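Report on the structure given below.
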Amino acid sequence: MHLLVKEEDKDLLFELQKRLVRGEDLSDLAVEYSICPSKDEGGMLGWVRKGQMEAAFNAPLNKVVKCKTQFGWHLLQVLSEREESVLEDIQPEELHAKLQDPVFLEDAQFIDVREPHEVERASLSGFQVFPLQQFGSWGPEITTKFDPQKDTYVLCHHRMRSLQVAKWLQTQGFRKIYNIAGGIHAYAVKADPSIPTY
């Protein structure tokens, strides 16, 4: 969370720092004094990526630090950290080998974003179907259906729709996402010819 004051408001900045030392809450002070729109949320910024506010990446957890940007002076408090999200392609042959391991099947989660009529023609066991065209119905609940901390594998026909969903999963805090290179078509051709192509 953070509080922003104008560059010329140094007296206010120092007064706020003193109040924080005396035990006042940064969120309460942000609501009252911040000039940032986040004041309505108690100064909450949400997750910050590298390049957005570098001071956040050097700040100790829960300690309020001061930094200056082109917007003015910030009092910033990092409340929690998360690992950088990773998005990688996985080759069909590598996925096929992993799918033979029961431990892998328990530890990972699998999303197929193709339409139901496509899944009827060809599918992989263990993949839950969440059609991209129905994103509005399942998107808002994704973190209740899947664990963002688990490795997540995303599949479609040729890789493009699954890449869209994989990139979106990154924005939702999913830690490690694998997009199946070439989709189920490549999986059928390169890894398991018993799966029909279409």
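We did not get these values from a lab; they are worked out from the coordinates using the rules stated. The model shown is predicted, which means the values in this text are computed figures rather than measured ones. Cβ sites come from the backbone with ideal geometry, for glycine too, and all protein chains shown count toward neighbours.
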Calculated FRET efficiency for the pair residue 94/residue 123, C-beta based, R₀ 25 Å, to 0.05: 0.85
Packing rank of 95-108, 143-156, 168-181, where each peptide gets the mean count of other beta carbons within 10 Å, highest leading: 168-181, 143-156, 95-108
In region 51-96, the GluC sites (Glu not before Pro) that fall in loop regions by DSSP, at most 12 other Cβ within 10 Å: 54, 81, 83, 84
Qualifying trypsin sites (Lys or Arg not before Pro) for region 51-90 [loop in DSSP, other Cβ within 10 Å: at most 14]: 63, 82
Percentage, to the nearest whole number, of Cα pairs in region 88-136 over 12 Å apart: 69 percent
Restraint check, 18/68; 145/176; 68/167, Cα-Cα greater than 20 Å: 68/167
Of 117, 5, 197, farthest towards positive along the dipole that unit charges on Lys, Arg, Asp, Glu beta carbons give the chain: 5
Ellipticity estimate at 222 nm from DSSP helix runs (n ≥ 4, -39,500 (n - 2.57)) divided over the chain, nearest 500: -9000 deg cm²/dmol
DSSP-assigned coil residues among chymotrypsin sites (Phe, Trp or Tyr not before Pro) in region 41-76, each with at most 16 further Cβ atoms within 10 Å: 47, 71
Distance-filtered residues of region 62-93 - backbone nitrogen under 20 Å, label point 7 angstrom along residue 167 Cα→Cβ: 84-91
Bridge type composition, the chain - antiparallel percent by DSSP, nearest 5: 40 percent
Size of region 136-198 as Cα extents on the principal axes (Å, biggest first): 34, 23, 17
Whole-Å semi-axes of the chain's equivalent ellipsoid (Cα gyration tensor): 47, 15, 13
